[in-house]
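Written below as C-alpha cells is the structure these notes are about.
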Amino acid sequence: MPSVAVKLYSVFFKFLLKQRLQSWIQDPIDESSNPYGVTTRPEESVSAPNPCFTDGVATKDIHIDPFTALSIRIFLPESSLSPPEQSHPKSHLRSSLLDPNSINHRRNSYAPSDTGTPRNDSRRSSLDGLNSRADNNVYRGYSPQPQKCRKLPIMLQFHGGGWVSGSNESVANDFFCRRIAKLCDVIVVAVGYRLAPENKYPAAFDDGLKVLNWLGKQANLAECCKSMGSGARGVGAEFTKAEVQRHIVDAFGASMVEPWLAAHGDPSRCVLLGVSCGANIADYVACKAIEAGKRLDPVKVVAQVLMYPFFIGSIPTKSETRLANSYFYDMPMCLLAWKLFLPKEKFSLDHPAGNPLILDRSLKRMPPTLTIVAEHDWMRDRAIAYSEALRNVNVDAPVLEYKDAVHEFATLDMLLKTPQAQACAEDIAIWVKKYISFRGNELSY
C-alpha cells in the first residue's frame, strides 16, 4: 500500500484541484476571450531555464507560435558534445522488458542503477576544445556551422495535469525531463500546450502536432543552411552575385534555425512520451505522423511511451469500479476535467480523445508502444486493453505495471525521488534504446 505521507498528500492535492475544477464549472470561461491561451497556471511552481550544464543537462525555452502560447523547453544532455566516435558505457538489459506480452509487477525495493553517462576525463578534454560556450559556461550552440558532435535522438514529451493544469516548465516536469534526457541519452523537447478551459479540444492535440511539424521544418532549414556553406574570403575580396545571394539566404536561414537541434538532433529517431493526459496527445500525434508518412521527412516516429494514459469510456472497467476513489486523480474529479476539456456539444465518455478503441481505425502501423500503469490507478485496465489491441496486430506493445504505485507515481513532485520513480525511468530508457540505437549497437549504451 502507498505510504501514509502519500495518502495525506493525496487528500490535500484532491481538495485543492477539486475546488479549482468546480469553480471553472460554476463560472465558465469564454474561450473566445483568450484565444492566445494559457500554458502555465500562476500557482504552478516553475523552474527557470538554465543553459549551463550544471547537472549534465542544459535547457532553453522557445516560443514557437506567434499566434498562441504554444512553447517548448529543450533539454540538451552534455553527452551531445562528445565526438561521434566516442563509445558509451553499457547498461544491463533486463530480459523481462523484452517480452512484449508480459505484464511485469515491479517491487518497491527495486534498486536504481547508475545508467546515466558519467562525465569522464576524455569527455571533459573534448569539451574544452569547443568554442561555443561563453565565459560563464552558458552553451550557445553553433555559429554559424555546427561542431562535429554526436547526433542524439529527439524525444517529444507531453506533461500531465488533467488538461487543466501542469506545465512543461514546472519544477516536477523539469526534474523528470532532465532524468529522462540523461538516462535515455536523448534531447527532450517538452511541449507547453494550451490548457483547458481557456482552450478546449482540439487545442492541445493541435499543439502537439504543430510541434512535430515544427521539428520537420527545423530539420529541413538546418539542412538547407548547411548545404549553402559559409566559405570566407580575405579582406577586400569581391563576391559574385551568386555568392552574395547565397550568404543572404544563409544568414536568413541561420536566424530561423534552432542551433541546439541543428547541431545535435537526429529527427529520424523521434520518440513520443506522454504523461497522463499527455499520453492521449502522444498517441494522437503518433497516428497523425503515420498518416503524414513521407511528408514529415526527415522526422520519423520510431516509438512511443504512454505513462498511465488518461483513457476513459462509457462502459466501466473493473478498475474503474474498484478504484474510482483512488489517489490524487479520482474518477469523479477526472470527469469534471473532461467536461472542461471537451466542448459541451461534443461531450461523451466515448469521445476519440479519451477512448482510442472506439474508432474503427487500423492499429497495424502504430509505432512500438510501451505502456506504464500503476496498481492503484483506476485508469489502468483501459490502458492495458489498448496495449493488448496493439499486440493483437503484431505491434511491440509491452505493459509495465508497478506494484503499490499510484497515478503519476513517476512524475508527481513529491514522488519523483522515490525508488519506484527512478526504476520507472530506467525501465523506459532500456526499452526506448532498442529503437533509437543504430543497428548493431542496440546493447551499447
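Would you mind stating whether Asp404 is on the phi > 0 side of the Ramachandran plot and of a type outside the set (S, T, N, Q)? Yes: the conditions hold for Asp404. Of the numbered criteria (1) open to solvent by 10 Å² or more (accessible area, probe 1.4 Å); (2) of a type outside the set (A, V, I, L, M); (3) part of a helix (DSSP H, G or I), the one Tyr201 fails is (3). Of the residues making up the stretch 244-280, those that are assigned to a helix (DSSP H, G or I), more than 18 Å from Gly216 (Cα to Cα) and at pLDDT 90 or above are Cys277, Gly278, Ala279, Asn280.
Restricting attention to the stretch 331-349, the residues that are open to solvent by 40 Å² or more (accessible area, probe 1.4 Å) and either assigned to a loop (DSSP other than H, G, I, E, B) or of a type outside the set (A, V, I, L, M) (or both) total 8.
From the list Asp427, Asp413, the lone residue that is closer than 26 Å to Gly162 by Cβ, touching a Lys or Arg at 6+ places or on another chain (Cβ under 9 Å) and not polar (S, T, N, Q) is Asp427.
Checking each residue in the stretch 273-325 for being within 13 Å of Pro368 (Cα to Cα), of a type in the set (Gly, Ala, Ser) and touching a Gly at 6+ places or on another chain (Cβ under 8 Å) picks out only Ala282.
On the basis of being open to solvent by 80 Å² or more (accessible area, probe 1.4 Å) and aliphatic (A, V, I, L, M), does Val4 make the cut? When the stated conditions are applied, Val4 passes them.
Yes or no: the stretch 131-152 includes at least one residue that is at pLDDT 95 or above, open to solvent by less than 10 Å² (accessible area, probe 1.4 Å) and either part of a loop (DSSP other than H, G, I, E, B) or more than 19 Å from Tyr36 (Cα to Cα) (or both). Scanning the stretch 131-152, I find at least one residue that is at pLDDT 95 or above, open to solvent by less than 10 Å² (accessible area, probe 1.4 Å) and either part of a loop (DSSP other than H, G, I, E, B) or more than 19 Å from Tyr36 (Cα to Cα) (or both), so the answer is yes. Of all the listed residues (Ile358, Ile384), the sole one being closer than 20 Å to Tyr284 by Cβ, surrounded by fewer than 23 Cβ atoms within 10 Å (Cβ to Cβ) and in contact with a Pro (Cβ under 8 Å, 6 or more places away or on another chain) is Ile358.
For Thr411, indicate whether it is surrounded by 17 or more Cβ atoms within 10 Å (Cβ to Cβ) and part of a loop (DSSP other than H, G, I, E, B). So Thr411 passes the test. The lone criterion from (1) surrounded by 24 or more Cβ atoms within 10 Å (Cβ to Cβ); (2) in contact with a Ser or Thr (Cβ under 8 Å, 6 or more places away or on another chain) left unmet by Val188 is number (2). All of (1) under 25 Å from Gly162 (Cα atoms); (2) out of contact with any Phe, Trp or Tyr (no Cβ under 7 Å at 6 or more places or on another chain) hold for Val299 with one exception: (1).
Within this structure, Ser314 passes the test of being assigned to a loop (DSSP other than H, G, I, E, B), open to solvent by 20 Å² or more (accessible area, probe 1.4 Å) and touching a residue at least 24 places away in the same chain (Cβ under 8 Å). Yes or no: Lys18 touching a helix residue (DSSP H, G or I) at 6+ places or on another chain (Cβ under 7 Å) and open to solvent by 80 Å² or more (accessible area, probe 1.4 Å)? Against the criterion (touching a helix residue (DSSP H, G or I) at 6+ places or on another chain (Cβ under 7 Å) and open to solvent by 80 Å² or more (accessible area, probe 1.4 Å)), Lys18 qualifies.
Looking at the stretch 1-57 only, could you name the residues that are within 26 Å of Pro332 (Cβ to Cβ), assigned to a loop (DSSP other than H, G, I, E, B) and more than 25 Å from the chain's Cα centre (by Cα)? The answer is Met1, Pro2, Ser3, Asp27, Pro28, Ile29, Asp30.
For the stretch 368-406, filtered to residues that are assigned to a strand (DSSP E or B) and aliphatic (A, V, I, L, M), the residue that is farthest from Ser3 (Cα to Cα) is Leu370.
Among the residues of the stretch 171-198, those identified as charged (D, E, K, R) and either without any contact (Cβ under 8 Å) to a residue 24 or more places away in the chain or not in a loop (DSSP other than H, G, I, E, B) (or both) are Asp174, Arg178, Arg179, Lys182.
Out of the residues in the stretch 39-63 that are surrounded by fewer than 19 Cβ atoms within 10 Å (Cβ to Cβ) and among the β-branched types (Val, Ile, Thr), which is nearest to Ala181 (Cα to Cα)? Only one residue fits best here, namely Thr54.
The values are calculated or read from the model by the stated rules, or taken from the named source; none is laboratory data. As the structure is a prediction and not an experimental result, all values here were calculated from the model. Quick reminder, even Gly has a Cβ in these numbers, built from the backbone with ideal geometry, and neighbours come from all protein chains shown. These accessible areas exclude ligands, DNA and RNA; they are computed on the full protein's heavy atoms, side chains included. Shrake-Rupley method; radii C 1.70, N 1.55, O 1.52, S 1.80 Å.
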